[in-house]
Amino acid sequence: MVLPPEQVRTFLAVAQSLSFTQAAATLGLGQPTVSQHISKLEQAVGRPLLVRDTRSVTLTVDGEAMVGFARSILAAHAQAADYFSAAGVRGRLRFGVTDDLALTQVPRILRQFRHLNPGINLDLSVSQGVHLQRRVESGHLDIAFLKSTAGDGWGRLVRRDRLVWAAAEGTAAQWTAERPVPLIVYPTPSPSRALAVQKLDQAGIRHRVVCTVRGVNAALAATRAGLGLGIFTRSLLPADLVELPAGAGLPELGDIDLVLLTNPHAPAQPVEALTTAILAHTHRIRPLHGDREWSGEPSRAGGAGSRPAAAG
């Protein structure tokens, strides 16, 4: 089934105005062309979408359904056009990403972005979320990809995820039973650390910091070594670590948002081009397990603020 965007656009104009004459005027087309577009679209779907007589135009049940599909088709078409027409964008773009997200498919997204946008000079910084947030706010970064407290409304949402307790395989039962609970955390200020301590205190569970780390590799190493419990984003959790299930004696940590934080003074076109590239591959942002997981096909994506509580 082929549904050309021009026919879909014409149908939506008629459906919204319930008038072939008004739709023709809105689109700058002749009325015979509008009628032709509708006829071809009905032939393509194999069902009547409109009922037209000398006095009125009404939607059939299938026509009402087609209105929703039409909006989605046109939105996807516009997104694809924006994505692939960005090759002419030029300028310098200073981009920051947290170290855990840098261990996902993000570098491959950036590689494809640079291939499609040779006129953009991309500078990359990898750091903790709180540091990236400060650099965006101070004007030293144009855009940063980091984690933020769920629902805080800052930044452009890429995906909502969940914070989880994690342990080395075979040690989960040991740590959930031990009191005080041994924690592997980032130094303050760290939203994930603050959230874990808050949840444990609310549950009346004693805890102690056994390891303070400054990067995700250190957090992974300490957790794999069985020093205690780590706190990770669920979709970014490596396969060799075990997520502690709900009801394992520890409180749930709640949701976390992956967001793009933009400096309001950043160059608009390069920022939008990179934003579109990341949103197009939202489902690919997960730990790397080999080249087979990357196919490069775009997916549907889900503004910009200035101050999230960057999680780390």
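The values are calculated or read from the model by the stated rules, or taken from the named source; none is laboratory data. Remember, it's a predicted structure, so these values are computed and weren't measured experimentally. In this analysis, Cβ positions are derived from the backbone assuming ideal geometry, glycine residues included, and neighbour counts consider all displayed protein chains. Heavy atoms of the whole protein, side chains included, go into the accessibility calculation; ligands, DNA and RNA do not. Shrake-Rupley method; radii C 1.70, N 1.55, O 1.52, S 1.80 Å.
Against the definition (closer than 17 Å to residue 65 by Cα and either open to solvent by 80 Å² or more (accessible area, probe 1.4 Å) or touching a His at 6+ places or on another chain (Cβ under 8 Å) (or both)), how does residue 7 come out, yes or no? Spell out the reasoning first.
Numbers: closer than 17 Å to residue 65 by Cα: yes; either open to solvent by 80 Å² or more (accessible area, probe 1.4 Å) or touching a His at 6+ places or on another chain (Cβ under 8 Å) (or both): yes.
So residue 7 fits the description; yes.
Yes or no: residue 111 under 19 Å from the mean Cα position of the chain (by Cα), at pLDDT 90 or above, open to solvent by 60 Å² or more (accessible area, probe 1.4 Å) and among the charged types (D, E, K, R)? So residue 111 passes the test.
If the condition is being over 18 Å from residue 72 (Cβ atoms), assigned to a helix (DSSP H, G or I) and not hydrophobic (A, V, I, L, M, F, W, C), then the stretch 6-36 contributes 17, 21, 22, 26, 31, 32, 33, 35, 36. Residues in the stretch 191-233 that are part of a helix (DSSP H, G or I) and basic (Lys, Arg) were compared, and the one that is most open to solvent (accessible area, probe 1.4 Å) is 224.
If a residue has to be part of a helix (DSSP H, G or I) and either under 30 Å from residue 114 (Cα atoms) or open to solvent by 50 Å² or more (accessible area, probe 1.4 Å) (or both) to count, how many in the stretch 40-64 make the cut? Give the derivation first.
Within the stretch 40-64, the subset part of a helix (DSSP H, G or I) is 40-45, 61-64.
With either under 30 Å from residue 114 (Cα atoms) or open to solvent by 50 Å² or more (accessible area, probe 1.4 Å) (or both) added as a condition, the list becomes 40, 43, 61-62, 64.
Total satisfying the criteria: 5.
Screening residue 188 against (1) among the β-branched types (Val, Ile, Thr); (2) modelled with pLDDT under 90; (3) over 27 Å from residue 96 (Cβ atoms); (4) assigned to a loop (DSSP other than H, G, I, E, B) leaves a single unmet condition, (3).
Limited to the stretch 160-181, what total is found for residues that are of a type in the set (A, V, I, L, M, F, W, C) and open to solvent by 30 Å² or more (accessible area, probe 1.4 Å)? Give the derivation first.
Here is the first cut: in the stretch 160-181, the residues of a type in the set (A, V, I, L, M, F, W, C) are 163-168, 172-173, 175, 177, 181.
With the extra rule that they be open to solvent by 30 Å² or more (accessible area, probe 1.4 Å), the set shrinks to 173, 177.
Selection size over the stretch 160-181: 2.
Scanning the stretch 145-180 for residues that are in a loop (DSSP other than H, G, I, E, B) and more than 30 Å from residue 274 (Cβ to Cβ), we see that the one that is nearest to the chain's Cα centre (by Cα) is 169.
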